[in-house]
1. For region 356-365, enumerate the residues that are crowded, with 17+ Cβ neighbours inside 10 Å and not hydrophobic (A, V, I, L, M, F, W, C).
2. Among the numbered criteria (1) out of contact with any helix residue (DSSP H, G or I) (no Cβ under 6 Å at 6 or more places or on another chain); (2) open to solvent by 20 Å² or more (accessible area, probe 1.4 Å); (3) under 22 Å from D596 (Cα atoms), which single criterion is violated by V749?
3. Give the residues of region 482-522 that are closer than 18 Å to T441 by Cβ and in contact (Cβ under 8 Å) with a residue 12 or more places away in the chain, sorted by residue number.
4. For region 601-630, which residues satisfy the criterion of being of a type in the set (A, V, I, L, M, F, W, C), more than 12 Å from H670 (Cβ to Cβ) and either touching a His at 6+ places or on another chain (Cβ under 8 Å) or open to solvent by 40 Å² or more (accessible area, probe 1.4 Å) (or both)?
5. Limited to region 366-425, what total is found for residues that are in a loop (DSSP other than H, G, I, E, B), open to solvent by 40 Å² or more (accessible area, probe 1.4 Å) and of a type in the set (D, E, K, R)?
6. Yes or no: region 585-593 includes at least one residue that is open to solvent by less than 20 Å² (accessible area, probe 1.4 Å), at pLDDT 85 or above and among the basic types (K, R).
7. For the subset of region 144-190 comprising residues that are among the hydrophobic types (A, V, I, L, M, F, W, C) and touching a residue at least 60 places away in the same chain (Cβ under 8 Å), which member is nearest to R14 (Cα to Cα)?
8. Restricting to region 160-209, count the residues that are among the small types (G, A, S) and either over 16 Å from Y147 (Cβ atoms) or open to solvent by 30 Å² or more (accessible area, probe 1.4 Å) (or both).
Amino acid sequence: MENERMSLPVVALRGMTVLPEMVAHFDVSREKSLRAIEQAMTEGEKIFLTGQYKVETENPGKEDLHEIGCIATIKQIIKLPKKMSRVLVSGEERARLIDLEYDEPYLRGMTAVLEDVDTSIEETGAEENPLNLEAMVQGLKDIFAEYMAMNPKIAKEFADQVNAITDLKKLVNMINATVPMSYPEYQEFLEETNLMKRYEKLAFKLVNEIQVLNIKEELQEKIKERVDKNQREYILREELKVIREELGDDSLLSDADEFQQKCDSLDAPDEVKEKISKEIRRFRNAVNNPAESGVMRTYIETMLEMPWNHKCKEHKNIAYAKKVLDADHYGLEKVKERVLEFLAVRALTKNANAPILCLAGPPGTGKTSIARSLANALKKPYVRISLGGIRDEAEIRGHRKTYVGAMPGRIAAAIKSAGAKNPLLLLDEIDKVSNDYKGDTFSALLEVLDAEQNQNFRDHYLEVPLDLSDVLFVTTANTLQTIPRPLLDRMEVIEINSYTENEKLHIAREHLVPKQLKKNGLKEKQLSISKKALWKIARNYTKEAGVRQMERKIGDICRKSAREILENKKKAIRVTERNLEHYLGKELFSYQMKNDSDEVGIVRGLAWTSVGGDTLQIEVNVMPGEGEILLTGQLGDVMKESARTGISYIRSVSKEHGIAEDFFKKHDIHIHIPEGAVPKDGPSAGITMATAIYSAVTEKKVRADIAMTGEITLRGRVLPIGGLKEKLLAAKNAGIETVLIPKDNTADVEEISQEITKGMEIIPVSRMEEVLNHALCETKGGK
């Protein structure tokens, strides 16, 4: 029932409702609302408050507001920072918003006060007489008193105020404003003008809240009882433990029973279970010897935790394994092929022995990371053991358990941590194992890596055979020279050669760049590195067989780019060949390109280094003297012998080539290889030095576009060499067009990718005469 109308400033509330008899505060930040409050303060402090349907509406119209709201009196205004105000209001009467008179500069509307409608006897079932109303008032007070007793959040002083109220309407409004409800529930009560219906809803809400609080209290009581019970049991157990320790009897017996139960259910060979049972019986008798019982306890627990017969599920999906390997690594085809062959054989025979692989190659070529990818592809547990610097045989075989602090060897500990008897076990840096007076570590590895013996591997600590035949062993090494032949013979060696520049480019784009972007918090759209820039990084900023240095350089670019994005507010950075110097500084390396013209006594040789191939420019000068031979450039013994062999060969054929018989008596020969600070050794520069000596003696020029490698004998035969891929790659980078190689290395050329050999003439030679025919120019020239 509508009463008088009045025009009032309007504030649209977001997510809250104000009821009659409710004292509430809210923060105001909208300009219109602030102006409406200011206007209300000038008009008797009266304001109309109503909620808006959607909280996110910034400029609400009449259709965005609830029709029923509350007329309130502003009690207090507090100014807050950022043009905000906190307003304290007291709700007074329900009212209807008839219409908005205007919405600028603030909302103002015509409102009509709503009176409570008459309550019909038919609807409520109660007669309108003082006794009924008094009974309703008292009943609501009793319910609210019970609610207050269970809800400590409501102040006790409020109970006195409620008890003093005799008017049903005021009582309903006051309790309604006090009981916590959701915003829609408050709005529902606000819109209900029927006092009796509000009374019923409020009573129902209070009873419901009392039931919820009862249930909550019961749950809390149960939880408390349970916690108290657990604490009581814990205290009793601790007391019982102390009593047993004082008496010196039962504490070990209960542990022994537990160990025996685990032993009975253990899936292990009979010999192992018998050994554990024997140790448990000794453990029972060691009641009065804490030191001995501690050693036994550790041994029994270790034996029970070993996966004697437990295997992880064999994975035989070749397509999945190939997909994982290709996704994780670019290249390394021999490794991938061998693993896929193992899977195929295992699928057919059901019982193929796991291979023992040795990945040998320069640093940074992905040997360690490919092992982790193999484990992922085969879905096997992965355990890595670093053997670098190990010099004690006990590290492999373990210590006997009688020693203080004894423990299993690294192999047994790795099997234990894997939790299965068929993991992939990586023995990293096997070439860096050392020996001392405590034993030969390499010899201890002989049994581990022998497929015929390792099914009965004996660890000194375990004292029972440990089956390693199902373990997939993968070892890594930078060089095979330091590995004893018997150990090397037990492993299947797969050589991982240096990456070509094209391979480095693929690895950088597919793996290194995304990895470094993620590591440095950058997105692909924020930083892009061009193909030519990556190429230049590989050629001029790194000199390595692998990609480790290249990854560091890409990381440098990412860090500098991240700083630029933050400091200069750049959205995206593109690194190209032109601006690469800005991020990485001056070029660090440059390739010694082929000479511009043919010269006498200068020949380009090819060398293998630990970081890939390189070219060596060998220089020979002939001077009047007494037949002395000078060798400079920090040459090793083998290289010096190769130089003397080359001179001996030239002297043996001097008559055929028109060289005077007394030439070598009257002249000194000086052989020099530049970059004197770098040690050099090996026989593969034999034909190069012989050619340079012959050129200097006969004054015939050597082609500038040719390079060669090969060992020379006294009779002029050319013997095969190693590291051919790296050497050819170095020749290609130096712009060499023709390369002479030993004829016995022809098969190696077929395995090298066409990316290296394309555009290069590779000539196999077997005699020194062929080398001279290809290398020398017909015309003579000055020295």
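1. Across region 356-365, the qualifying residues are G361, P362, G364, T365.
2. Condition (3) is where V749 drops out.
3. Matches in region 482-522: T482, I483, P484, P486, L487, L488, R490, M491.
4. Within region 601-630, W608, V611 qualify.
5. Going through region 366-425 one residue at a time, the tally reaches 4.
6. Scanning region 585-593, I find no residue that is open to solvent by less than 20 Å² (accessible area, probe 1.4 Å), at pLDDT 85 or above and among the basic types (K, R), so the answer is no.
7. Here the answer is L190.
8. 2
The values are calculated or read from the model by the stated rules, or taken from the named source; none is laboratory data. What you are looking at is a predicted structure, and each value in this text was computed from that prediction instead of being measured. Note that we place each Cβ from the backbone using ideal geometry, even for glycine, and neighbour counts take in every protein chain shown. Ligands, DNA and RNA are excluded from the accessible area calculation, which covers all protein heavy atoms including side chains. Shrake-Rupley method; radii C 1.70, N 1.55, O 1.52, S 1.80 Å.
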